[in-house]
Amino acid sequence: AAPECPFCGEAAGRELEEHVRARHGHLLGAPGTGNGEQLYECPMCSLTCTNIQILQEHVDLHLEEHSFSEGGNIRDLELAQQLQTEEDERRRSEEEKREREEFKKLQRQYGLDNSGGFKQQFLRNMEREVDRGRMQPFEYHKRKADMMESLASGIDDGKTKTSGVIEVLCKYYQNESKDVRRVWLSAGVDHFHSSLGDRGWGCGYRNFQMLLSSLLQNSFYNDCLRDTTLIPSIPKIQSMIEDAWREGFDPHGASHFNNRLHGSKAWIGACEIYSLLTSLRIKCQIIDFHKPTGPMGTHPRLFEWILHYYSTDSEGGAKVVCTSKPPIYLQHQGHSRTVVGIEEKKNKSLCLLLFDPGCSSQEMQKLLKQNSDGAGLKLLRKFVGSLKEKQYQIVAVDGVLSLEEKAALCHASQVLTSEKIP
């Protein structure tokens, strides 16, 4: 607030000194004492002076002190504001730097950092194996040639594939496993595991290969898979997903990858699998289990849904039901697996049978020599208490789409995306 005149109370601002002298100079004097001596009282501090000049100097000191104090306050305020501005800029700069680092970290984690894709990682990992003495140079050149041939043809080389596990499981459950009341198994499916080229990021692609291996064995899907008669390589699957995006499927999801997967190590999930299958005219549904439905963060409804999926068309009370249903794609944060069956124990508890891309072919081969004690099934079994991620998604195949149905789903995907984007 502007300083007030001590005589009239008027706001005088920085001109207080001139105001006092011009308007109230005649009041600086005061009546004298009884002995005839003239006294002058300071209007600011009531100090009594015996000389008008002394009083004038005294009042000037008051005014100078006030002016200095006011100027000092202004300078202090300006300095405080400057320091606050500098602190805000420093914090903003640090926050922007932290956000950039976190973004780069996420890009690296999800394979979007332009560090190359399957081919580059395969070659780098083989070079490390040679440097460590775990691979001979001649083997390096042979595997490189095989890899280049696979990339050129777009066909998976099959070196991570294990076949025949479902058939072995069917025989095992018929003859052994006394604690199992009933078991439902998917149609035949091959297991694929990650290789040197996709280790750490390729689980979604490997699970698609598993699902596709089952569909290719089912004549019901021959028409929609007539252009895909062999299991595609991972780079080829990336191109197939890009083709689905170009058709118009899931534009919102495509934007997260800048509409590009090929040549990257980008992770894919249930949405990309759904888009790819739908673009191939394979009818499927994607279902979210977005929160636990049981105690201790468990998902019993997920197990119940899968049981219903496999048991719907089965009749009678056979202990082992080898269904014609394809396997189910199962996704959670950071990983995905393939559901190939479900057990119902004699105590009514449920247990999923999962193919994990992280499980090597050497381990899967042990299942082909399954002992009567069922110890090897530990690789596959997951009880309700074992699946405690916050969220799960599944993609379940449910038939074939007509061209009209495919077009309608593509249009719906675009409309849904346009509604999400303001």
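Miscellaneous remarks
- Segment His262-Lys319, length gained on full extension (0.36 nm per residue, minus Cα span): 16.0 nm
- Structure note, pairs Lys171/Lys369; Lys265/Lys382; Lys178/Lys319; Lys348/Lys369; Lys161/Lys366; Lys159/Lys366: Cα-Cα distances above 19 angstrom occur for Lys265/Lys382; Lys348/Lys369.
- Peptide packing: for 294-305, 116-127, the average count of neighbouring Cβ atoms within 10 Å per residue gives the ranking 116-127, 294-305, highest mean first.
- Remark: accessible surface ordering of Leu368, Leu212, Leu350 (largest first) is Leu368, Leu350, Leu212, probe radius 1.4 Å.
- Remark on segment 228-371: hydrodynamic radius 17.8 angstrom, per the Kirkwood mean of 1/r across alpha carbon pairs.
- Gyration tensor (alpha-carbon) shape descriptor, segment 345-384, a/c threshold 1.5: oblate
- For segment 118-420, a/c is not less than 1.5, where a ≥ b ≥ c are the root eigenvalues of the C-alpha gyration tensor, and a/b does not top b/c. That puts it in the oblate class.
- Rolling a 1.4 Å probe across the protein heavy atoms gives segment 118-420 an accessible surface of 48 Å² per residue.
- The solvent-accessible area of Thr85, taken with every protein chain present and a 1.4 Å probe, is close to 70 Å².
- Accessible carbon and sulfur surface of segment 142-258 relative to its total accessible area, %, 1.4 Å: 48 percent
- The distance from the alpha carbon centre of segment 123-139 to that of segment 175-211 is 29 Å, rounded to a whole number.
- Packing order of peptides 180-187, 379-386, 245-252, highest average first: 180-187, 245-252, 379-386 (average count of other Cβ atoms within 10 Å over each peptide's residues).
- Compared with the direct C-alpha span, the chain from Ser361 to Ile54 gains 100.0 nm at full extension, assuming 0.36 nm per residue.
- Segment 118-420 - percent relative contact order, Cα under 8 Å, separation 6 or more: 26 percent
- Net length available on complete extension from Glu10 to Gln217 is 64.7 nm, with 0.36 nm assigned per residue and the Cα-Cα distance removed.
- Spin-label model, Arg301/Ser115: points 7 Å from Cα along the beta carbon direction are separated by 3.8 nm.
The values are calculated or read from the model by the stated rules, or taken from the named source; none is laboratory data. Just so we're clear, the structure is a prediction, and the values are computed from it rather than from any experiment. Positions of Cβ are generated from backbone atoms using ideal geometry, with glycine treated the same way; all protein chains shown enter the neighbour counts. Heavy atoms of the whole protein, side chains included, go into the accessibility calculation; ligands, DNA and RNA do not. Shrake-Rupley method; radii C 1.70, N 1.55, O 1.52, S 1.80 Å.
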